[in-house]
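A quick write-up on the structure given underneath.
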Amino acid sequence: MRLLTADPDPARAAARSSRRRRAPRWLRRLGAAGLAAALIGIGGFAVHLSGWDAAAVERVHARVLALSAEAGLVVSDVVVQGRGRTGGDAILAALGAARGTPMLAINPAAAKARLEALPWIRSASVERLLPDTLYVQVTERQPLALWQRKGKLQLIDREGAVVAVQSLDEFADLIILVGEDAPKAAAPLLEMLASEPALRPHVAAAVRVGGRRWNLKLDSGIDIELPEDNVGAAWHQLAQLDRTDGVLERDILKVDLRLPDRLVLQVPEPAKPAPAKKKNVGRAT
């Protein structure tokens, strides 16, 4: 069975779909599709009147699916739009489809739920395009940061949801977040940090403080205490001071930006001189 990538241009995809639906093959099978749908309705009505047991119902259902397959309504192609990180085998397994599967055996709602249970898929839709194509649209999660929680790192997306991946090696350059509510508050922070592209790569970690504000850890070891309000203005002020005065190149431990009218630098304490050794003075004999 072919797993195809949908045309990214919706107009071209719609035009192709329209041409396919007007093809003679489609016209020949239209009556068969209607017959299969009618059989499903009649079978269900008969079951309702007869009060058959579950086994009898299953036999009727299987016969209806067999008739639809004989009419040509079987899966031949799966067209997927939006797939990037999700493997084709994982999508086919979630759909529960293989070549020759009766189209009417595919439950779009159930397939949608299984697709959205895959690690990288945030949302999905599944359509049956009779006679033989499943059309799948997926929106994948976008990796945003690494969340440090209980001593472990987890990948999160832009909505703050954890993305279960086997290895974090590919995402080692992402910023590390600390704090229970850090994932949900991370997207605005990273958008703000990106507004100063020269400074952003030096931010190694961000710690959420009291659910209200952030502290940053630079790759140089300097701590940056951001304010609760007007955080963007404080970030731009720090970047400007670094451009003009090289403030972050100095020997400092911390920059406190929490006060709106001043910037406070914490510098290392000067080393204390070693105490002078006492000289031993021997007694005269």
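The values are calculated or read from the model by the stated rules, or taken from the named source; none is laboratory data. All values derive from a computational prediction rather than experimental measurement. Every residue, glycine among them, receives a Cβ derived from its backbone with ideal geometry; neighbour counts consider all protein chains shown. All accessible areas refer to the heavy atoms of the entire protein, side chains included, with ligands and DNA or RNA removed. Shrake-Rupley method; radii C 1.70, N 1.55, O 1.52, S 1.80 Å.
The test for being among the acidic types (Asp, Glu), more than 28 Å from Pro188 (Cα to Cα) and either surrounded by fewer than 17 Cβ atoms within 10 Å (Cβ to Cβ) or within 13 Å of the chain's Cα centre (by Cα) (or both) holds for Glu127. Based on what the data block shows, is Arg99 open to solvent by 60 Å² or more (accessible area, probe 1.4 Å), at pLDDT 65 or above and under 30 Å from the mean Cα position of the chain (by Cα)? Judged against the criteria, Arg99 is a match. Scanning the stretch 101-122 for residues that are out of contact with any strand residue (DSSP E or B) (no Cβ under 6 Å at 6 or more places or on another chain), assigned to a helix (DSSP H, G or I) and without any contact (Cβ under 8 Å) to a residue 24 or more places away in the chain yields Ala109, Ala110, Ala113, Arg114. Which one is farthest from Asp173 (Cα to Cα), of the residues in the stretch 218-234 that are touching a helix residue (DSSP H, G or I) at 6+ places or on another chain (Cβ under 6 Å) and either outside any loop (DSSP other than H, G, I, E, B) or acidic (Asp, Glu) (or both)? Only one residue tops the list, namely Gly232. State whether the residues of the stretch 125-134 include one that is under 25 Å from Val163 (Cα atoms) and either in a helix (DSSP H, G or I) or modelled with pLDDT of 95 or more (or both). Scanning the stretch 125-134 turns up at least one residue that is under 25 Å from Val163 (Cα atoms) and either in a helix (DSSP H, G or I) or modelled with pLDDT of 95 or more (or both).
Here Asp261 clears all of (1) in a loop (DSSP other than H, G, I, E, B); (2) modelled with pLDDT of 95 or more except the condition numbered (2). Residues of the stretch 130-164 that are out of contact with any Asp or Glu (no Cβ under 6 Å at 6 or more places or on another chain), under 30 Å from Val74 (Cβ atoms) and buried (at least 16 other Cβ atoms within 10 Å of the Cβ): Leu130, Pro131, Asp132, Leu134, Val136, Gln137, Val138, Glu140. Scanning the stretch 216-236 for residues that are within 18 Å of Val267 (Cα to Cα) and either buried (at least 17 other Cβ atoms within 10 Å of the Cβ) or of a type in the set (D, E, K, R) (or both) returns Leu216, Lys217, Asp219, Ile222, Asp223, Ile224, Glu225, Leu226.
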